[in-house]
Structure formats: structure tokens, C-alpha cells
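Please treat every number below as a calculation from the coordinates, not as lab data. A quick note: this is a predicted structure, and the numbers were derived from the prediction, not measured. So basically every Cβ, Gly included, is an ideal-geometry build from the backbone, and we count neighbours across all protein chains shown.
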Amino acid sequence: MRRPAPRGEFRSSPAGAENRESSSRGNERQSTAGAPLSGQSTKFAAHRRAPRRTGAHLVLPRRLPAPPPGRLPPLPGSCTDARLRRALPRAGEVSGLDTPPGDLAPGAASRYPRAVVDVRAPPPKNLDGLRVVVTAGPTVEDIDPVRFLGNRSTGKMGFAVAARAASRGATVTLIAGPVALATPEGVRRLDVRGALEMRRVLWAALGSGLDGADALVMSAAVADYRPAETSPVKRKRTAEKLVLELVPNPDLLAEVGAARAASGRRLPALVGFAVETGTDAEVVAYARGKLAKKQVDLVVANHAGDSFGRDDNRAALVDAGGVEALGVLPKPDLADRILDRVAVLCHR
Ligand code: CTP
């Protein structure tokens, strides 16, 4: 599936550079991380370019023969990750050239267990011993036993963060709003429904003195408002106009940020998200505002249209030091980039 052409491109920059950029385009900076900043109008375009960059020192066959049904393809024992990616069957034959490495054609998946085909660099175990709390999915605010207010979050980003954190050695507590996702391996999952319940469970996980966690990644799309009253019985339809009174929910992340600031502690490391609409510059500006207002270490800035329900995302990491534009990444890879920052924050 093709994603729509981006409305603009996040640009990496040190803090404050956007203002200088707007007055002088000649001061534009490139990504400090070498991440692609532009031209990735489709997910597949990004992957198509990868083999050209990686050189031609292959001793392995480019494609392995399709295995008999129910059997795994023979995997070369000593090859590097890059070789393995290129050698793995691709969707189409099992695959076609436009398919990202490691992806399989529909129908082929059952012959290739995900653990084998989903090849990534082995994760560094640099979260060993850390306690990471992740929130994910929407909160839903009940109107009555039948109806609720919700949002489009599916939880994929938060679940990816939880899964990658666990595989990198962290002890992970995942606080999830209502989502249709399986619990990642090795993760303790706590299901919640509304923002107030998420708040209670979050503070129980963090501890009132904030000594229960080393990091919080707040990827949940917490509802900003809830009905002033939840009816215990189903509201009946009438011919009259219905006005629903909403009251604001607490800002859970801002509460944790304020408590950490008051305590003088550096931990838990705090990561928030800013899912926005607008131009890239506006999205980054909103993220900067949230960084300051919520007193957190890092905000992941992204567009609503690039993130909700998708398996990939185009995000920028915004902190006091500046902006790192990441280009389009599968959510597990974006999770790793976020967790790289968490590791630095926890080990500084
Ligand atoms: N967040 C939160 N509690 C809320 C609302 C948001 O903890 N009641 C957290 C989210 O989990 C996210 C960050 O704050 O990490 C930003 O959420 P977002 O909805 O983008 O921003 P808001 O603060 O709600 O501001 P606005 O909706 O006006 O953009």
C-alpha cells in the first residue's frame, strides 16, 4: 500500500534552529544521524534504495529456494545480518523486488514463523535491569453502558515500544487502553479503560515517590475530556437535540513531569508523544511546547495521518538539544530509536 506524498519533511536541527531557518533557508541543516530527511514518499521507496547502498560483497545466493510447505528455509549459519536480509526470500516468489526485506507475500507467512523472518540487528541489551513503564492505545470515556468517546489510536506504537524494551532486557509494564493486540512476550500488561483509571494504574506502577520506574514512555492517546456524568443505564433516543457536557481529564504526563521536577530527581526518564496535524514545522513547534509544558525529556513528534493504525511512522525526536528527523520507519524500528534515547537518559 502506498502512503500519500508527505506534506513536507521534518528537518533535523539543534534547538532553536527552526527560527533561524525561517529567516534564512541558507542555514538549513542536514540530519545529524544521517537519517533520510526527504524523498521517502512511500514506505517501499525507502526499502528499495537500501540494497544499492550496501555494496556488492555477497557470497551468499541472492535468493534461497522456496522451502517445502511447513519447512523453514535453510538459513546460513555465519552470515551477517545484512547478508541474511538479502538472502531471505522476499514476497513475490515468495516475493517481489518492491517488498521490503524480510516481508513476506500474503499466504507465505504461515510457512515462515515471524521470529525467523523478522530479521533485525540483534538488540543491544542496554536496557538490562531498567524498569520501563509504557502506556499505549486510546482511553475511552463512557457515556453510558453502550456508548463511549474514543479516538483512533490502535496501540501499535506503544506495544512496539514495550516489545522492544523487553527484548533489550528491561522489565516492562504495559498499561493499555482498549486495543486488539496480543501482549508482547515478557511484558506485564495492565488493561485500563478511561483516563482516570489509567492515571490510577500509572501512579501505582511509578510509585508515589517515582521510585518504581526508571523510564516512562507515554504513547497512549489519553482522552482530553470525559462526559461529566456516565449514565448507568442506556440513554434513550428522543427527538430533542442532545448536548453532552464534557469535563477535562487530568494531563497524566504533565502530572508526572511536575512531580519529578518537584522531587529534584532525574528519573524516571520521561518520553511523550505529540500526534498533530499541520506542517512539519508546526508539528515540531507543538512538540517543543509539550516538552516544556509537560517537563519531559523527549517528545516524539508525528502527524496523525502518518501514525494512527499504520505499521510504520514518520517521526522526529524533539528534545532540549534539537530535532532529529527519522524519516519513515517501521514502528519497531522507531521504538528502538526512542529506546536508544531512553538508554542514554537512564545511564547518564
Ligand atoms: N497526555 C496525557 N494526558 C492527557 C493528554 C495527553 O498524559 N490527558 C500525554 C500523551 O500520552 C502524550 C502527550 O501527553 O504523550 C501529548 O498528548 P497530546 O494529546 O498530543 O497533547 P495534549 O497535551 O492533549 O494537547 P493537545 O491535545 O491540545 O495537542
Practice problem: Please report the base-10 log of the normalised intensity I(q)/I(0) for segment 146-264, using a Debye sum with one equal scatterer per alpha carbon and no solvent, at each q in 0.10, 0.11, 0.17, 0.22 (1/Å). | Solution: -0.39, -0.46, -0.93, -1.34
Exercise. Compute the Cα gyration tensor for segment 282-344, then decide on rounded, prolate or oblate, letting a ≥ b ≥ c be the square roots of its eigenvalues: rounded whenever a/c is under 1.5, prolate when a/b is larger than b/c in the other cases, and oblate in all that remain.
Key: oblate
Quiz item: Quick one: net charge of D128's neighbours, Cβ under 14 Å, K/R +1, D/E -1?
Solution: +3
Quiz item: When a footprinting reagent is the concern and you count Cβ atoms within 10 Å, what order do H303, H347 take, fewest first?
Solution: H347, H303
Quiz item: Exposure proxy check: D336, D251 ranked by fewest other beta carbons within 10 Å?
Solution: D251, D336
Quiz item: How high is the relative contact order of segment 214-304, in percent, counting Cα pairs under 8 Å that sit 6 or more residues apart?
Solution: 31 percent
Quiz item: What is the order of E229, E324, fewest Cβ neighbours within 10 Å to most?
Solution: E229, E324
Quiz item: Within straight cross-link reach of K293, meaning Cα distance under 27 Å, which lysines are found once same-chain residues fewer than 8 apart are removed?
Solution: K156, K331
Self-check item: Ordering of 279-289, 129-139 by burial proxy (mean other Cβ atoms within 10 Å per residue, highest first)
Solution: 129-139, 279-289
